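Structure, as structure tokens:
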Amino acid sequence: MATVDEDGTVTPKSPGTAVITVTTADGNKTASAAVIVKKKKAAFQLETSVKKILLRPNGSASFRVFTVDS
């Protein structure tokens, strides 16, 4: 699910849940935290209904923005 390097950086590896436990250098105290790695979402792209809009000062225009799934 995830790895932790010697500096404490958590790196996700695959979807799932992992519990990361840390211990103080003297071994007297510990703490744990659950880490949830989610599946990467598919890439998508944003496009607009028009490619270019020219406006005068104080003018307005309407257009649509939509997603294009890969």
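Which one of Ser14, Ser32 is among the polar types (S, T, N, Q) and under 16 Å from the mean Cα position of the chain (by Cα)?
None of the other options fit; the residue is Ser14.
Suppose the filter is within 29 Å of the chain's Cα centre (by Cα), of a type outside the set (Gly, Ala, Ser) and open to solvent by 70 Å² or more (accessible area, probe 1.4 Å); does Thr67 pass it? Taking the combined requirement at face value, the residue satisfies it. Of the listed requirements (1) over 25 Å from Thr3 (Cβ atoms); (2) surrounded by fewer than 10 Cβ atoms within 10 Å (Cβ to Cβ); (3) among the charged types (D, E, K, R); (4) free of Cβ contacts under 8 Å to residues at least 24 places away in the same chain, Asp26 misses just one: (1). For first residues located in the stretch 8-21 and farther than 16 Å from Lys38 by Cβ, partners that are among the β-branched types (Val, Ile, Thr) and surrounded by 10 or more Cβ atoms within 10 Å (Cβ to Cβ) and lie 6+ apart or on another chain with Cβ distances below 7 Å form the pairs Ile20/Val4; Ile20/Val10; Ile20/Val35.
Just one residue in the set Thr21, Thr17, Thr3 is in contact with a Lys or Arg (Cβ under 8 Å, 6 or more places away or on another chain), in a strand (DSSP E or B) and at negative phi; that residue is Thr3.
The values are calculated or read from the model by the stated rules, or taken from the named source; none is laboratory data. Keep in mind that this is a model prediction, so the values were computed, not measured. Note: ideal-geometry Cβ built from the backbone for every residue, glycine included; neighbour counts use all protein chains shown. To get the accessible areas, we keep the full protein, side chains included, count just its heavy atoms, and leave off ligands, DNA and RNA. Shrake-Rupley method; radii C 1.70, N 1.55, O 1.52, S 1.80 Å.
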